[in-house]
Amino acid sequence: MIGQMLALVNGWIEKFGLLSDGWRAGVLIFLLVLGTATVAFIVSRLILAVENKFKSTKNKWDDAFLHAARRPMVAFVWLQGVYWAAEVAHHFSDAEVFKANGTVLQIGFVWVLVWFLFGLVKEIEKVLTSPIKMRKPMDYTTVNAISKLLRAVIIITAVLTALQTLGFSISGVLAFGGVGGIAVGFAAKDLLANFFGGFIIHLDRPFKVGDWIRSPDRNIEGIVEHIGWRLTTIRTFDKRPLYVPNAVFTTIAVENPSRMTNRRISETIGIRYADVHSMQKIVEEIREMLKNHEEIDSNQTLIVNFLAFNASSLDIMLYTFTKTTEWVRFHEIKEDVLLKVSDIIESHGAEIAFPTRTLHLPDGVRLSGEASEQGEARSEGSKEAPESRGESEQGGQPAGDKA
């Protein structure tokens, strides 16, 4: 068809005898490029208008399809137009470069198709994880893993198709890949370990994006920001990014506090030995207070008991769980509980104990401080006696003189 149209236009121009072959080729190529730009502009505007119109409908998949198809469709129009222009140039020229027009068109078509499929996968991922477009949005980590797998399948299929188009045998390529894969496997064993580690994370799902995780085996703690095929990005609580190879998670224990059902309050509170007679009432009131506390989960383990005779206190064990798992709210509830415990202890005339030590001495034993005080008292008394005697002697001396 393109050859017939080309012959018709070329014959019409040649009939007038106004232009040489070079000028005729230039005019035809210019008209083809101009027509391609016009058609591409019309196609882009048309798809954009249809996309804006479909946004008001309840169907969310047509929006994703049109948004993913708009740019690849424009690229396809340009690809076809450039191909026709190259065919015109090939008609007027025997250059070797124009003999590859068909191959370039096929490779370009594969590239446009991959671009469209990548965009479609991305748009579907956005729809499935959006709380606005979906009543029950899917888990982002799962959807992201599936989308990555689909992209890998698309790339592998496109590469094999392109190699077949270029004249390479797919069976030979696969055989080479099987032999070379062994060498690559040994050379890139760490990379493959991280890849399969990421696959295990997506399969077992010990954590997902947004979870707070930590490891007792390694200095790893923070919020998961991204789970890649090689690295997992964790934002620590001091706001620094931490990049952990996925292979690490196959050899360490990982704790996921984000999935806790309750937060625990575990405290040991001591009162004085002098308040032992109030111990039972204090324990009973604290236990009752916790049972009636609106933020304490009474369905979980609740323990309030006299625990032990400690060195300088009578210890009470307080063990309970809050309903909330939020870190800030938990500390507010814990503060309220501890203040109420303090009020209960004070209401019975008792006091919270602090470390003290009592020293008992047998009769007749005096401390060094007391002995020194008594010695100072004696020395002061001995000093006062001579002074009084001296005064009497001085007082009597004038009398003697007068005598």
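Things to note:
- Qualifying residue in region 293-303 (condition: in a loop (DSSP other than H, G, I, E, B), in contact with a Pro (Cβ under 8 Å, 6 or more places away or on another chain) and surrounded by fewer than 18 Cβ atoms within 10 Å (Cβ to Cβ)): no
- Residue that is modelled with the lowest pLDDT [pool: residues in region 50-89 that are β-branched (Val, Ile, Thr) and part of a helix (DSSP H, G or I)]: Val88
- Test: residue in region 33-49 that is loosely packed, with under 11 Cβ neighbours inside 10 Å, over 23 Å from Leu120 (Cβ atoms) and either in the same structural domain as Ala75 (by TED's automatic domain parsing) or at pLDDT below 75 (or both): no
Okay, residues lined up against (1) surrounded by 11 or more Cβ atoms within 10 Å (Cβ to Cβ); (2) over 21 Å from the mean Cα position of the chain (by Cα); (3) at pLDDT 75 or above:
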position: Phe116; (1), (2), (3): yes, yes, yes
position: Lys122; (1), (2), (3): yes, no, yes
position: Asp139; (1), (2), (3): yes, no, no
position: Asn144; (1), (2), (3): yes, no, yes
position: Thr157; (1), (2), (3): yes, yes, yes
position: Gly167; (1), (2), (3): no, yes, no
position: Gly178; (1), (2), (3): no, yes, no
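Listed here are the residues, each with its yes/no results for (1) among the small types (Gly, Ala, Ser); (2) at pLDDT below 95.
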{"residue": "Ile286", "(1), (2)": "no, no"}
{"residue": "Asn299", "(1), (2)": "no, yes"}
{"residue": "Ser313", "(1), (2)": "yes, yes"}
{"residue": "Ile316", "(1), (2)": "no, no"}
{"residue": "Phe321", "(1), (2)": "no, no"}
{"residue": "Thr325", "(1), (2)": "no, yes"}
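- Residue pairs meeting the criteria (Cβ under 6 Å; at least 6 apart or on separate chains; first without any contact (Cβ under 8 Å) to a residue 60 or more places away in the chain, in region 258-276; second part of a strand (DSSP E or B) and not hydrophobic (A, V, I, L, M, F, W, C)): Ser266/Tyr319; Thr268/Asp315
The values are calculated or read from the model by the stated rules, or taken from the named source; none is laboratory data. Given the structure is predicted, the values throughout are model-derived calculations rather than measurements. No Cβ is skipped: glycine too gets one built from the backbone with ideal geometry, and neighbour counts run over all protein chains shown.
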